[in-house]
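Peer 1: Have a look at the structure that comes next, please.
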Amino acid sequence: IYAVGEADASMNPINSNVFYYNGTASGNTDGCFSVHSQNLGNTVHNSFLGGSADDGAYDIQFTSNNLFYIAGGTNSSDFPVTSLGSMYNSNAAGLNDNFLACFQRGNTGIIWSSYLGSDWQESLDIPPYINSGFNLANTTIALDSQTRLHVLGTTNSFNTFPLDDGANIPYFQPTR
């Protein structure tokens, strides 16, 4: 059983040496993910995910080839992003950005990760969750039958959010 959310320094990090691991809390709240055994009584992996400011993980999706994606929000200008060559944002762009990160069972690094945001605020703070000011209904993700990643989130950026019309997909809305 996999879970994502927010945690503070009271979370007990557990390194299984099978997944990405960060055992140090750095903001008031950090994003986190946990892996639990089927009997629900045994946590086999607990990791913080984030930078030096507040972060929150909101959604997780899995592929058939042992990849899993985590989406969330970050206030951290040092969120652990990786170089993809053609990612949307390799640097924090605004006050709060969304993030996407890809992990794989058996790989202790982050496969790839990216900020997803613009010059204003993507992770809105209504309703607040724990103490971080992030939103429960924020960044969510889905995989379609061709394993394409779809993202749903919030933005307060007026026509500056990084957009890709996906070859003129008919339900794409380019302006706010």
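The values are calculated or read from the model by the stated rules, or taken from the named source; none is laboratory data. Computed from a prediction, not measured in an experiment: that's the story for all the values here. Cβ: placed from backbone, ideal geometry, glycine included. Neighbour counts: every protein chain shown. Just so you know, the surface numbers come from the protein's heavy atoms only, side chains and all, with ligands and any DNA or RNA stripped out. Shrake-Rupley method; radii C 1.70, N 1.55, O 1.52, S 1.80 Å.
Peer 1: Between S77 and N42, what FRET efficiency follows from the Cβ-Cβ distance if R0 is 45 Å, with the result rounded to 0.05? It would help to have the intermediate numbers written out before the result.
Peer 2: Numbers: r = 36 Å, r/R0 = 0.80.
Efficiency at R0 = 45 Å is approximately 0.80.
Peer 1: Would you please give the residues with an amide H less than 5 Å from that of A25, counting only those at least 5 places away or on a separate chain, with H modeled from the backbone geometry?
Peer 2: none
Peer 1: Taking the Cβ of S52 as the centre, find all other residues whose Cβ is under 13 Å away and add up their charges (Lys, Arg: +1; Asp, Glu: -1).
Peer 2: On the way: positive: none; negative: D30, D54, D55, D78.
Residues near S52 contribute -4 overall.
Peer 1: Now a separate question. What are the ³J(HN,Hα) values, in whole Hz, obtained from phi via the Karplus relation 6.51 cos²θ - 1.76 cosθ + 1.60 with θ = phi - 60°, for each residue of the stretch 54-71 in sequence order, with x given for Gly and Pro?
Peer 2: 6, 9, x, 9, 10, 8, 9, 9, 10, 10, 6, 9, 6, 8, 9, 10, 10, 10
Peer 1: Where does each of S64, S26 land when they are ordered by accessible area, with a 1.4 Å probe and the largest first?
Peer 2: Working: S64 125, S26 55 Å².
Highest to lowest solvent-accessible surface, that is S64, S26.
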